[in-house]
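Coordinate-derived values only; no laboratory data. In this text, all values refer to a predicted model and were calculated from it rather than measured experimentally. A quick note on method: Cβ atoms are made from the backbone with ideal geometry, for glycine too, and the neighbour counts reach across all protein chains shown.
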Amino acid sequence: MTTDKNSENLPWVEKYRPDSLDEVFGQQDIVDTVKKFVHEGRLPHLLFYGPPGTGKTSTIIALAKEIYGINYKNMVLELNASDDRGIDVVRNQIKNFASTMQIFSKGFKLIILDEADAMTAVAQNSLRRIIEKYTKNTRFCILANYAHKLNPALLSRCTRFRFNPISEEAIRDRISSVIIKENLKIAPVAESALLKLSKGDMRRALNVLQACKAATTEQEEITEDMIYECVGAPHPQDIETVLDSILREDWTTAYETINKYKQVKGLALIDLISGFIEILNRYELKSKTRIDIYKGLSDIEYGISKGGNEKIQSSAVIGVIKAALESQAN
Ligand SMILES: Nc1ncnc2c1ncn2[C@@H]1O[C@H](COP(=O)(O)OP(=O)(O)OP(=O)(O)O)[C@@H](O)[C@H]1O
Ligand SMILES: [Mg+2]
């Protein structure tokens, strides 16, 4: 499939997918090492692993373009290993691909196995034979989220690279250029919120930014509230207000505040609980109080996940926090 990068409706994750290794941000060590492999002409089998949206697929595609140039598609076979077509289909595809004549003789072809950690143990087992059989004229690049889900024998055949969550600075560098190219107006606090909420996932950063753009007019500025809304995360200020009400006000008022924020702002109790814990982590509390609160809240969280009644669970949240603070005061 050819994608026109100027197309208006292209998702930004595709529009801004790195074309070269120099456009891969925040993974400098990995980029430097693979570049060295290419320049020295001794590419080993590779394993890229790490959390989503950190550049694994982007790096290998950029690497392929670096090695083969514009015709890279003829030299690269991309397989989605989690496809349930079975290892036999994969084996046949690899066999056909690896044994066809090389028109652009560049030594070896590249086979990319995406989502390899989703393969069954049996499939992984036969994969190691396949890798060995075709090593003469092909290189494999295995992509996965978790290395521990891969067969050790498979791991030992590859040079491993861990893709860490991308730093906020690196995301900022990449996002800034997108902001300029897309002519976006964004408040500095909104940009900081975007970086924080992305949690090292560049895909999420781009998707949220694109969703915000769709929600605004040309001249309108993207605000912090919009970012929280697009991510579906509650605004920290709202959580703080609710917690404050539980801590300082009487039972009935606190209960009304929770309900008001749940209804008006669409906050889920589960988000409130994780938000409370984040805030309480910064408070000075006796360790017994802290333990009581966390234990109580985690029971409630479990209760919610089991389908417990929200109203009862909301009351329980107030109960847990108030009870723990009362015993702290005594
Ligand atoms: N390091 C990076 N530098 C620049 N852009 C990036 C980087 N990582 C991710 N992106 C952007 O995010 C999108 C998704 O990245 P990519 O497909 O490489 O993630 P991945 O690590 O393969 O994730 P997954 O584990 O979900 O497959 C890319 O199209 C690109 O726009
Ligand atoms: Mg990927």
### Query
Taking the Cα centre of the stretch 152-241 as the origin, how large is its charge dipole in debye, to the nearest 20, when only Lys and Arg (+1) and Asp and Glu (-1) carry charge on their Cβ atoms?
880 debye
### Summary
Between residue 78 and residues 5 or more places away or on another chain, the pairs with built amide H atoms under 5 Å apart involve 112
### Summary
Ranking 87, 273, 147 by how far each Cα lies towards the positive end of the charge dipole of the chain (+1 on Lys and Arg Cβ, -1 on Asp and Glu Cβ), the top one is 87
### Query
So how do 292, 244 line up by other beta-carbon neighbours within 10 Å, fewest first?
244, 292
### Among 124, 58, 252 - extreme Cα towards positive end, dipole of the chain, charges at beta-carbon
124
## Note on the structure
Residues 189, 34 in order from fewest to most other beta-carbon atoms within 10 Å are 189, 34
### Task
Work out how much length residue 295 to residue 36 would gain on full extension: take 0.36 nm times their residue separation and subtract the Cα-Cα distance, in nm to one decimal.
88.1 nm
### Query
Taking only C-alpha pairs under 8 Å that are 6+ residues apart, what is the relative contact order of the stretch 12-162 in percent?
33 percent
#### Entry: Neighbourhood net charge (10 Å Cβ-Cβ; Lys/Arg +1, Asp/Glu -1) for residue 195
0
#### Entry: Over the chain, relative contact order from alpha-carbon pairs under 8 Å, at least 6 apart, %
16 percent
### Task
Please pull out the direction-averaged projected area of the stretch 188-254, using the convex hull of its alpha-carbon atoms, in nm² to one decimal place.
5.7 nm²
### Message
For the stretch 168-231, what does the relative contact order come out to in percent, with C-alpha contacts under 8 Å and a separation of six or more?
### Response
41 percent
## Note on the structure
Of 158-167, 296-305, ordering from highest average Cβ density within 10 Å down gives 158-167, 296-305
### Message
Per residue of the stretch 204-216, what does 6.51 cos²θ - 1.76 cosθ + 1.60 with θ = phi - 60° give for ³J(HN,Hα)? Whole Hz please, x for Gly and Pro, Karplus curve as stated.
### Response
5, 4, 5, 5, 5, 4, 5, 5, 5, 4, 5, 8, 10
### Message
Run lengths n ≥ 4 of DSSP H only: what is the helix-derived mean residue ellipticity at 222 nm for the chain, with -39500 (n - 2.57) per run over all residues, to the nearest 500?
### Response
-18000 deg cm²/dmol
### Task
With everything on Cα atoms, drop me the angle between helix 310-329 and the longest principal axis of the chain, reported from 0 to 90° to the nearest 10.
70 degrees
### Task
Could you tally the net charge around residue 61, taking each other residue with its Cβ under 12 Å from the Cβ of residue 61, Lys/Arg +1 and Asp/Glu -1?
-2
### Query
At q = 0.12, 0.18 Å⁻¹, what base-10 log of I(q)/I(0) does the Debye formula yield for the stretch 12-162 when every alpha carbon is treated as an equal point scatterer in vacuo?
-0.47, -1.12
### Summary
If amide H atoms are modeled at 1.01 Å from N in the peptide plane, then the residues at a separation of 5 or more from residue 109, or on another chain, having amide H under 5 Å from its own are 138, 139
### Task
Please order 57, 253 by the number of other Cβ within 10 Å, starting at the fewest.
253, 57
